[in-house]
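Reading through the structure tokens given below for one structure.
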Amino acid sequence: MCLDVIDEKTRTNITHGHKVFWIFNNMIFGEYYNFDGTNNYEIPLISYQTGKWYKASDYTIKTNNVSYPAGFHTFINKEDAEAWKDSHTIYKVFKVEISEIVASGYQYFRGKKRAVIVSKRMRIIKEDLWHQKL
């Protein structure tokens, strides 16, 4: 997930959102990237733990004619995260807490503009549903 449009003024009033993760053997992995900024298909895969804060690496993302600091891309609305994961059963949407917001904007997919926040820090909020079979 990358921003297609960056807000002129970064939204800093957001503290929670929804993020898509890849689930394998009951472990949580980044959808495309690990929390240290490496691609999730590189070895070793780094699994996330619920309730633990993670900090993104410092580098710049340059794509689609936009440039912004790297960080955890989080949908503000759960419906947008659900639409992003589509019907792939290996993905799950978790509510996350975020801090140190470095960018905000929108990503376009399926004909709709979706609000996204990019933050340096993120933690997955533990949910009772996590213990259900994935």
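The table that follows gives values for the structure above.
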{"read-out": "Any pair with Cβ under 6 angstrom, 6 or more apart, that starts in segment 107-124 at a residue that is touching a residue at least 40 places away in the same chain (Cβ under 8 Å) and ends at one that is acidic (Asp, Glu) and assigned to a loop (DSSP other than H, G, I, E, B)", "value": "Gln107/Asp4; Tyr108/Asp4"}
{"read-out": "Breaking point among (1) modelled with pLDDT under 80; (2) over 20 Å from Ile125 (Cβ atoms), for Glu31", "value": "(2)"}
{"read-out": "In segment 62-73, the residues that are buried (at least 17 other Cβ atoms within 10 Å of the Cβ) and either of a type in the set (A, V, I, L, M) or in contact with a His (Cβ under 8 Å, 6 or more places away or on another chain) (or both)", "value": "Ala70"}
{"read-out": "In segment 74-92, residue modelled with the lowest pLDDT [restricted to those that are assigned to a helix (DSSP H, G or I) and in contact with a His (Cβ under 7 Å, 6 or more places away or on another chain)]", "value": "Ala81"}
{"read-out": "Residue in segment 45-73 that is farthest from Tyr106 (Cα to Cα), counting only those that are without any contact (Cβ under 8 Å) to a residue 60 or more places away in the chain and assigned to a strand (DSSP E or B)", "value": "Thr60"}
{"read-out": "Criterion violated by Glu97 - all others in (1) at pLDDT below 85; (2) within 17 Å of Ile125 (Cβ to Cβ); (3) not in a loop (DSSP other than H, G, I, E, B) satisfied", "value": "(1)"}
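The values are calculated or read from the model by the stated rules, or taken from the named source; none is laboratory data. Keep in mind that this is a model prediction, so the values were computed, not measured. All Cβ positions, glycine included, derive from the backbone under ideal geometry; neighbour counts span all protein chains shown.
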